[in-house]
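Report on the following structure.
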Amino acid sequence: MHQQMGKLYVVATPIGNLDDISNRANKILSQVAWIAAEDTRHSSGLLQHLGIGTSLISYHEHNEQSRTRMLIEKLCQGESGALISDAGTPLISDPGYMLVAAAHEAKIPVIPIPGPCAFVAALSVAGLPTDKFSFEGFLPAKSQGRRKQLESLVDFPHTMIFYEAPHRLAALLEDCAEIFGLNRQATIVRELTKKFESVYKSDFQHLIAGLASGDIPQKGEFVLIVAGNTMEKHSMGEEEEEMRRVLAVLLPEISLKQAVQITVKLTGFAKNAVYDVAMKMKEE
Ligand code: SAM
């Protein structure tokens, strides 16, 4: 039965530098009957650069359902096709899951053609532990949802990876600093494989200052990698002791809110933790 079926190739494409297309990707894209692409205008540029004339079919989050049915039909009729996205590996914060799942359902062979992926490239140069990590993709665009998700990660002990649009970088760093603490290590990896590629590894305090001073440009694509929480539980006592020492000076003089804000700035501890200790002290 498999002989009559076409094959679905999931093909990674460059994330900036067009030289990153693999020979195999090049060969497959020129051999298949069609290429399903997120933005056909964008991808026709890549195909033109490669001298490939294969026809493009648009496949994006708004037509995913109807296009999945159509493409599965083609595959069942024996046509082989490829799935690409605007950049990097399809399905990684990009469309394609519905098509791949439906292909499995229909017993159509699904073959990866591996290549560029922004988070893998970023992680490989971030200088943070790579033995275990969590790819978090895009956080909710609105601050409330974003903060809620970050709060759920505050004790996560392994490296975390985030994608975000350039105009939200400052807000993302501010929220991370408040929730993870100003001292938490993080790396911003910008414009991978492009002319202004750059890697900034520091703590949130310095990353925010770098962004404010313009040393870290707010333009261009970026991946944010955040160190896991490595504070051992038993050292929490020492942390609390330091918070108490600072809060004991501030609380009698100023409001609880101001005391918490200043303690966060002085100690670099997460705002929630400082707030909890301040509340405890008030009650005591
Ligand atoms: N499928 C892609 C992949 O394999 O990485 C990701 C697509 S997602 C819609 C786009 C996000 O990936 C951007 O907002 C950015 O966070 C990250 N990204 C893509 N290209 C990048 C690059 N050249 N440098 C840094 N980040 C990049």
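The values are calculated or read from the model by the stated rules, or taken from the named source; none is laboratory data. What you see is a predicted model, and the numbers here were worked out from it, not measured in a lab. Heads up, the Cβs are rebuilt from the backbone with ideal geometry, glycines too, and the neighbour counts pull from every protein chain shown. We work out accessible area using only protein heavy atoms, side chains counted, and drop any ligands, DNA or RNA first. Shrake-Rupley method; radii C 1.70, N 1.55, O 1.52, S 1.80 Å.
When you scan the stretch 225-239, do you find a residue that is within 16 Å of the ligand (Cβ to nearest atom) and either in contact with a strand residue (DSSP E or B) (Cβ under 8 Å, 6 or more places away or on another chain) or not acidic (Asp, Glu) (or both), even just one? Spell out how you get there, then give the answer.
Initial filter on the stretch 225-239 (within 16 Å of the ligand (Cβ to nearest atom)): 225-226.
Those still in the list that are either in contact with a strand residue (DSSP E or B) (Cβ under 8 Å, 6 or more places away or on another chain) or not acidic (Asp, Glu) (or both) too: 225-226.
Yes: the stretch 225-239 contains one or more residues that are within 16 Å of the ligand (Cβ to nearest atom) and either in contact with a strand residue (DSSP E or B) (Cβ under 8 Å, 6 or more places away or on another chain) or not acidic (Asp, Glu) (or both).
Considering only residues of the stretch 195-217 that are surrounded by 14 or more Cβ atoms within 10 Å (Cβ to Cβ) and assigned to a loop (DSSP other than H, G, I, E, B), which is nearest to the chain's Cα centre (by Cα)?
197
Can you name the residue in the stretch 1-19 that is over 24 Å from residue 60 (Cβ atoms) and assigned to a helix (DSSP H, G or I) and is also most open to solvent (accessible area, probe 1.4 Å) among such residues?
If we take residues in the stretch 1-19 being over 24 Å from residue 60 (Cβ atoms) and assigned to a helix (DSSP H, G or I), then 3 is most open to solvent (accessible area, probe 1.4 Å).
Could you tell me whether any residue of the stretch 232-255 is touching a helix residue (DSSP H, G or I) at 6+ places or on another chain (Cβ under 9 Å), in contact (Cβ under 8 Å) with a residue 40 or more places away in the chain and among the charged types (D, E, K, R)?
Within the stretch 232-255, none of the residues are touching a helix residue (DSSP H, G or I) at 6+ places or on another chain (Cβ under 9 Å), in contact (Cβ under 8 Å) with a residue 40 or more places away in the chain and among the charged types (D, E, K, R).
To keep it simple, each residue is scored yes or no on (1) under 17 Å from residue 10 (Cβ atoms); (2) open to solvent by less than 20 Å² (accessible area, probe 1.4 Å); (3) under 26 Å from the mean Cα position of the chain (by Cα).
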position	(1), (2), (3)
21	yes, no, yes
35	yes, yes, yes
48	no, no, no
51	no, no, no
55	no, no, no
64	yes, no, yes
72	yes, no, no
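Per-residue answers, yes or no, for (1) among the basic types (Lys, Arg); (2) closer than 21 Å to residue 197 by Cα:
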| site | (1), (2) |
| --- | --- |
| 67 | yes, no |
| 87 | no, yes |
| 95 | no, no |
| 101 | no, no |
| 120 | no, yes |
| 126 | no, yes |
| 132 | yes, no |
| 159 | no, no |
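Can you tell which of 118, 122 is within 11 Å of the ligand (Cβ to nearest atom), among the aliphatic types (A, V, I, L, M) and within 13 Å of residue 12 (Cα to Cα)?
Numbers: 122 fails: within 13 Å of residue 12 (Cα to Cα).
Just one listed residue meets the conditions, 118.
In the stretch 163-179, is there at least one residue being in contact (Cβ under 8 Å) with a residue 40 or more places away in the chain, within 15 Å of the ligand (Cβ to nearest atom), surrounded by 17 or more Cβ atoms within 10 Å (Cβ to Cβ) and part of a loop (DSSP other than H, G, I, E, B)?
Here is the first cut: in the stretch 163-179, the residues in contact (Cβ under 8 Å) with a residue 40 or more places away in the chain are 163-164, 166-167, 169-170, 172-173, 176, 178-179.
Now drop any that are not within 15 Å of the ligand (Cβ to nearest atom), which leaves 163-164, 166-167, 169-170, 172-173, 176.
After this cut, where a residue has to be surrounded by 17 or more Cβ atoms within 10 Å (Cβ to Cβ) as well, the list is 163-164, 169, 172-173, 176.
If we keep only those that are part of a loop (DSSP other than H, G, I, E, B) as well, we get none.
No, that holds for no residue.
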